[in-house]
Structures are given as structure tokens and as C-alpha cells.
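The values are calculated or read from the model by the stated rules, or taken from the named source; none is laboratory data. Model, not experiment: these values are computed from the prediction. Glycine gets a Cβ as well: all are built from the backbone with ideal geometry, and neighbour counts include every protein chain shown. Ligands, DNA and RNA are stripped out before the accessible areas are found, and what is left, the full protein with its side chains, is counted by its heavy atoms. Shrake-Rupley method; radii C 1.70, N 1.55, O 1.52, S 1.80 Å.
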Amino acid sequence: MTEPGPGDDQIDEILTIAARVPDHGKLAPWRFILYRPDAGRKIGSWLAERYAKISGPLDEEQREKERTRFTRAPLVVGVVSQAAEHPKIPLWEQQLSAGAVCMNLVTAAAASGFASQWLSEWYSFDDLAVRYLGARPGESFAGFVHIGTATQPPVERPRPNLSDLITTWTEID
């Protein structure tokens, strides 16, 4: 992806659409963190160092991959899950709501004329990286959605055969 990315008004519209998801109890158990390319360069340097600490020395190709993770699109939106124990709302429903936000974000970006990609990489699951990227205690990342202008047509990946995924309910004796 490349420039242009969405402007501030477009970002507000995209995030408004993204937030229109099922939300049992109106908890809004998610929030957004915006990452721009300038911040992405700083984040990338930190990620390269962190990844080297947890996985050992990096070759130049891997180091560059880590350095550029948050600069490959003009905008990266972190979707933070704030799911927490609740007396009436199951944790998994709150987590599903955060996942729905990510999917709506991808759809809203496409409807606004942008390409997007929803990713969760190693840094989504590393406690230090999660905190460095802005999650608070008790929060986790549902994903990072990269948004920009496509530089090539999307490549379709293999998908499961739909008929293998469908059954019709019948009562069991």
C-alpha cells in the first residue's frame, strides 16, 4: 500500500462505520489507536530490537521486515479489545465484538476507496510489545488494520469449499 491514505474526515467516517457492531450491553469493549508513518519508523526500530531479544540475532532481511511493519501503509489502526469479566455479558461476546470492529473497519476502508489488511503478528501477543504499542493493563489487540492505496490488485488465497462448511439441523432422536 502507498499514499494517499484517508484524511482526518475520512478516518472519522471509517471509524464510525467500524464501531457499528453488535455490542451486547452497550459496553464498547474496544477502542482504536492510530499509527502514522512517522510513529511507524520509531515503532519499527523498537520492534526490531525487541524481536532480536526474543528470537536471537536478526539477519538484515528480518531486521528490515521488523523496521517496516508500521510504515507499509499510510495509516495503521490498532483495534484494542477491552473485554473484561461482566456479570451479564460473556467475555467471548465482548471479544467477538472487537473482531466485528476489525471486519467492519476493513469493509469501511474498502467502501471509502482504500485497500486494507487486517493483521495480528507476534507483537500482538508479546506483553512488552502490546504495552509499547499502547494497550493498557487488561487490554489486548484484536488486530492491526493497515489502510492505504493499493499498489497491486489483491491476490485471492485458497478458501475452504463452502459445501464442507454447511449442515442443516435435524432433530436427534
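On the basis of being open to solvent by less than 30 Å² (accessible area, probe 1.4 Å) and not in a loop (DSSP other than H, G, I, E, B), does VAL21 make the cut? Taking the combined requirement at face value, the residue does not satisfy it. Of all residues in region 109-127, those being assigned to a loop (DSSP other than H, G, I, E, B) and free of Cβ contacts under 8 Å to residues at least 60 places away in the same chain number 4.
Conditions tested, residue by residue: (1) closer than 26 Å to GLY7 by Cα; (2) open to solvent by 90 Å² or more (accessible area, probe 1.4 Å).
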| position | (1), (2) |
| --- | --- |
| ARG72 | yes, yes |
| TYR123 | no, no |
| VAL145 | yes, no |
| ARG159 | no, yes |
| LEU165 | no, yes |
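For region 24-37, taking the residues that are under 27 Å from ARG67 (Cβ atoms) and not charged (D, E, K, R), the one that is surrounded by the fewest Cβ atoms within 10 Å (Cβ to Cβ) is identified as LEU34.
Within region 151-173, the set of residues being in a loop (DSSP other than H, G, I, E, B), free of Cβ contacts under 8 Å to residues at least 60 places away in the same chain and closer than 26 Å to TRP118 by Cα comprises GLN152, PRO153, PRO154, VAL155, GLU156, ARG157, PRO158, ARG159, PRO160, ASN161, ILE166. Mind checking which pairs have a first residue in region 5-17 that is open to solvent by less than 80 Å² (accessible area, probe 1.4 Å) and a second that is assigned to a helix (DSSP H, G or I) and modelled with pLDDT under 95, Cβ under 9 Å, 6 or more apart or different chains? Close Cβ pairs (under 9 Å, with a partner that is assigned to a helix (DSSP H, G or I) and modelled with pLDDT under 95) amount to GLY5/PRO37.
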